[in-house]
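Let me begin by presenting the structure, written as structure tokens, before commenting on it.
Just so it is clear, none of the values below were taken in a lab; they were calculated from the coordinates. Everything quoted here is computed from the prediction, not taken from an experiment. With ideal geometry, Cβ positions are generated from the backbone for all residues, glycine too; neighbour counts draw on all protein chains shown.
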Amino acid sequence: MQLTPQVISEFKKIISNPKDYNFQFPAFDEIFEKSDTPIAKHLAYNKYISIIKNRNLTKMIFYIIMDEVFEVKKCEDGDLGYCVKFKIN
């Protein structure tokens, strides 16, 4: 799959309104909210995937979408992270 702006746009539509596409996972804004404290990118991805129970969203697409939506800061351990917290555990 080539990562074009159209592909990213389609994935954004799906994760924003999964029920419109017959998916049974929560929408992006039901899962995340902005925070001042960053969570390492890879940990945010792993937790998101465990919540939606769908591995069809690659890490790269997740990172591109998250980079557009949330602030990126360095975590205490030096990793880059998203300033988010999870509404769902």
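Values for this structure:
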{"read-out": "Highest to lowest packing among 38-46, 70-78, scored as the average C-beta count within 10 Å", "value": "38-46, 70-78"}
{"read-out": "Approximate shape of the chain as ellipsoid semi-axes (Cα gyration tensor, √5λ), whole Å, largest first", "value": "21, 15, 11"}
{"read-out": "With Cα atoms, 0 to 90° folded angle of helix 59-69 axis to the chain main axis", "value": "70"}
{"read-out": "Dipole of the chain, positive end: most advanced residue of Ile39, Ile49, Cys83 [Cβ charges, Cα centre]", "value": "Ile49"}
